[in-house]
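Rule-based calculations on the coordinates, nothing more; no lab input. A quick note: this is a predicted structure, and the numbers were derived from the prediction, not measured. Backbone-built Cβ (ideal geometry, glycine too); neighbour counts: all protein chains shown.
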Amino acid sequence: MSTSYDQQHVEYPSRKRMAWLTVGAAIFVAAGFFLMFDDASAKGSAISSVIGLFSILFFGLCLCYSLVKMMKKEPSFVVDEHGFMDSSSYASGGLIAWRDVENMFMYEFMGQKMIGVKLWDEKAFLDRQNGMKRKLMAVNSNIVDATVSIAQSSITLPLDQLYVMMVERWKRSNKRANEGSNYDRFHNE
């Protein structure tokens, strides 16, 4: 679901997609328990136990995340004249001002369309993130040269349309910033 208020565009997570994510994560958690406690395969029990444990831990976190996202009524993405707020995934960018954006581009990774956002001061941005989130963002940045990636999976508006909207607002913001600096320079001389 998405709404626009004057100069602001707000996206809410799709309940249907979140429900599917929750069900999928729950199935993998159950599979992890099955692998850990299956007495039928004594031969590979150590390997299956390790795989089961990782499945429970990783997909258990995904399950918790999806349950929290389903219960909260918070937007997953907001775009306005000042920047954007991304809380569409665990490794989301948070609040980012247009002045901090160096470049934006569309790309495809493993069959999924994404919007890549490259920031001017990537190191400072990553330093503000918590440990695991920082590592995920750094890996992403090394793979596709984007500090922040926005996936279609948590946005209801088609990604192509969101990209056009973001680029237009980013360019308008840059134009206003340049006009303001030219105005200051002209009047201070």
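Per residue, what volume in Å³ does the Cα convex hull of the chain take up?
Given the Cα convex hull of the chain, per-residue volume reads 141 Å³.
Among the trypsin sites (Lys or Arg not before Pro) within region 30-110, which fall in a DSSP loop and have no more than 13 other Cβ atoms within 10 Å of their own Cβ?
When the trypsin sites (Lys or Arg not before Pro) of region 30-110 are filtered for loop state and at most 13 Cβ neighbours within 10 Å, LYS43, LYS72, LYS73 remain.
Helix-only estimate, please: 222 nm mean residue ellipticity of the chain, summing -39500 (n - 2.57) across DSSP H runs of length 4 or more and dividing by its residues, to the nearest 500.
Computed mean residue ellipticity for the chain: -18000 deg cm²/dmol.
In degrees from 0 to 90, rounded to the nearest 10, what is the angle of the helix 131-144 Cα long axis to the longest principal axis of the chain?
Computed tilt is about 70 degrees.
Rounding to the nearest 20 debye, state how big the charge dipole of the chain is about its Cα centre with +1 on each Lys and Arg Cβ and -1 on each Asp and Glu Cβ. The partial results should precede the final answer.
Details: 21 positive and 20 negative charges, 77 e Å.
Around 380 debye, computed over the chain.
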